[in-house]
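Below is one structure; the comments refer to it alone.
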Amino acid sequence: MVNAMQTPLRKAPSRRAKHNAIDYEIRIAERADIPAMRIMQERSMRILGSHYYIRSELDAFLNIVGTMDDAIVDEGRFFIAVAMKRAVIGCGALSNLVPGYARVGGRADAAPTLGPATVRSVFVAPECTRRGIAHAIMQRIETTAAAAGWHQLQLTATLSGEGFYRAIGYEAEPRSHVALPDGTRFGCVKMRKSLAIPTAA
């Protein structure tokens with residue numbers, strides 16, 4: 001099933017002459033990919049988020065909430081961008097599971113519950129930004145959602161990701177925050193996008 005969902009090898013377009021093109025493919029994540037995914041996600045959040053959050057805010061979010069729910073991998077809609085040397089350079093998921101940040105304050109061992117179609121855990125390695133990787137992953141997510149009959153996607157963006165999602169058509173609510181148990185107020189933006197559902201020929 002994984003091979004059937006792979007995309008052809010592609011080069012990430014360079015938006016600046018000093019950037020070298022990157023060969024990568026997008027495929028479905030497997031459980032074995034999780035450690036590499038988590039390392040890339042945390043690096044991305046700490047480096048790209050450093051202009052929007054202070055260190056203690058990032059530390060609190062990463063320690064309490066984290067960057068992904070492992071259970072999403074089992075849903076089969078967690079896409080990863082993998083470079084030629086097998087490094088994970090990007091990821092993003094489509095999930096029905098209620099996000100961990102929405103369950104803050106509940107039992108730590110509580111099983112995830114079902115909710116609306118949500119974009120989850122979109123990250124790109126800091127050295128690979130502005131090369132179309134996140135856009136390619138979002139295209140896969142939106143195409144998969146539309147094919148499954150979902151008319152709308154929702155997400156909760158970090159402040160550092162808000163501009164990207166606006167650029168690809170997501171509408172934002174006023175900025176808000178996730179209240180963490182240690183008193184940290186982690187800034188975020190709830191966003192939505194309507195999808196065009198494909199019709200039968």
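The values are calculated or read from the model by the stated rules, or taken from the named source; none is laboratory data. Note that the structure is a prediction, hence the values are computed from the model and not measured. Glycine gets a Cβ as well: all are built from the backbone with ideal geometry, and neighbour counts include every protein chain shown.
Assorted remarks:
- Single residue of region 72-101 satisfying the filter (out of contact with any Ser or Thr (no Cβ under 8 Å at 6 or more places or on another chain) and among the small types (Gly, Ala, Ser)) that is modelled with the lowest pLDDT: Gly100
- Within region 144-201, the set of residues being part of a loop (DSSP other than H, G, I, E, B), among the small types (Gly, Ala, Ser) and surrounded by 16 or more Cβ atoms within 10 Å (Cβ to Cβ) comprises Ser160, Gly161.
- For Arg130: the one exception among (1) among the charged types (D, E, K, R); (2) modelled with pLDDT under 95; (3) part of a helix (DSSP H, G or I): (3)
- Out of Asp59, Asp33, Asp69, Asp23, sole residue that is over 15 Å from Ile133 (Cβ atoms) and at pLDDT below 95: Asp69
- Residues of region 37-81 classified as surrounded by fewer than 21 Cβ atoms within 10 Å (Cβ to Cβ) and touching a Lys or Arg at 6+ places or on another chain (Cβ under 7 Å), total: 2
- Within region 42-59, residues that are touching a residue at least 12 places away in the same chain (Cβ under 8 Å) reach partners that are assigned to a helix (DSSP H, G or I) and basic (Lys, Arg) with beta carbons closer than 9 Å, at six or more positions or on different chains, in the pairs Arg46/Arg55; Leu58/Arg46.
- Among all residues of region 163-170, there is none that is at pLDDT below 95 and at positive phi.
- Residues of region 81-95 satisfying the condition of being more than 19 Å from Leu153 (Cα to Cα) and either within 10 Å of the chain's Cα centre (by Cα) or part of a helix (DSSP H, G or I) (or both): Gly90
- Residues located in region 80-101, provided they are within 22 Å of Lys190 (Cβ to Cβ) and touching a residue at least 24 places away in the same chain (Cβ under 8 Å): Cys91, Gly92, Ala93, Leu94, Ser95, Leu97, Pro99, Gly100, Tyr101
- Among the residues making up region 1-20, those that are over 22 Å from Phe78 (Cα atoms) and either at pLDDT 95 or above or in contact with a strand residue (DSSP E or B) (Cβ under 9 Å, 6 or more places away or on another chain) (or both) are Ser14, His19.
- Some residue of region 167-186 being more than 17 Å from the chain's Cα centre (by Cα) and within 21 Å of Arg77 (Cα to Cα): no
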